[in-house]
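Starting off with a structure, shown below.
Nothing in this text is a laboratory measurement; each read-out follows from the coordinates by a stated rule. Quantities reported herein were computed from a predicted structural model and do not represent experimental measurements. Positions of Cβ are generated from backbone atoms using ideal geometry, with glycine treated the same way; all protein chains shown enter the neighbour counts.
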Amino acid sequence: MASITNLSLLDGQATPVAKVFTPVTASLDVAKWTDKTSGRFIGLPTVVLKSAVPSNTSPHFKVMAEVHLPVLETITNANASGYTAPPSVAYTVKALVTLIMPARSALQERKDLVAFTSNLLVNPQVKALVEGFEMPY
């Protein structure tokens with residue numbers, strides 16, 4: 001079994017910068033990491049991995065990956081009496097990916113699933129759709 005360690009993930013800037021997500025929780029079926037560089041507890045970018053093993057109700061092994069990127073409200077200035085509202089989350093940009101593998105799937109099939117999925121997410125057509133709302137045609 002793998003030990004939980006920091007995740008170093010590149011952001012989407014023109015010159016990518018590695019963001020380090022540190023472990024928060026780990027159990028047999030859920031692991032969570034956050035990027036704590038903002039220094040605030042509210043609005044921490046988060047990565048979550050979940051897994052479900054085959055059971056009597058489902059013959060599949062499932063892996064769910066989540067990326068949550070909360071965006072804080074922009075506070076422009078204080079009101080007339082000098083009060084400035086505390087930070088709050090305006091919205092969250094997120095990705096939810098689920099990989100479903102029958103219990104009898106072969107190792108090479110699972111390797112192909114990971115490779116195709118990761119390559120799909122960096123494919124120029126997918127990036128154009130996500131980044132610029134440009135539909136492939």
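Given [x] 12, 44, 37, 7, 0; [y] 10, 28, 33, 19, 7, 2, 0; [z] 12, 38, 26, 15, 7, 1, 0 as candidate values of P(r) over Cα pairs in 10 Å bins from 0, in percent, which corresponds to the one derived from the coordinates?
Only one option fits the structure, namely [y].
In deg cm²/dmol and to the nearest 500, what is the mean residue ellipticity at 222 nm of the chain if only DSSP H runs of at least 4 residues count, each as -39500 (n - 2.57), divided by the residue total?
It comes out at -5500 deg cm²/dmol, rounded to the nearest 500.
Can you spot the lysines whose alpha carbon is less than 23 Å from LYS62's alpha carbon? Ignore those fewer than 8 places along the same chain.
The reachable lysines, counting only those whose Cα sits under 23 Å from LYS62, are LYS32, LYS50, LYS94, LYS111.
While we're on this one: Can you tell me the FRET efficiency between LEU99 and GLU73 if r is taken as the Cβ-Cβ distance and R0 is 25 Å, rounded to the nearest 0.05? Walk me through the numbers on the way to the answer.
Numbers: r = 34 Å, r/R0 = 1.37.
Here the calculated transfer efficiency is 0.15.
Relative to the Cα centre, what is the charge dipole magnitude of the chain, using +1 at the beta carbon of each Lys and Arg, -1 at the beta carbon of each Asp and Glu, and rounding to the nearest 20 debye?
340 debye
Give me a comma-separated list of calculated 3J(HN,Hα) values for the stretch 13-20, in order, Karplus coefficients 6.51, -1.76, 1.60 applied at θ = phi - 60°, integers in Hz, x for any Gly or Pro.
6, 3, 10, x, 10, 6, 9, 9
Then there's this: Nearest 10 degrees is fine. How inclined is helix 107-121 to the longest principal axis of the chain, computing both from alpha carbons?
It is inclined by approximately 30 degrees.
Sticking with this structure for a sec: Arranged by the count of other C-beta atoms within 10 angstrom, fewest first, what order do PHE61, PHE116 take?
Fewest-to-most Cβ neighbours within 10 Å comes out as PHE116, PHE61.
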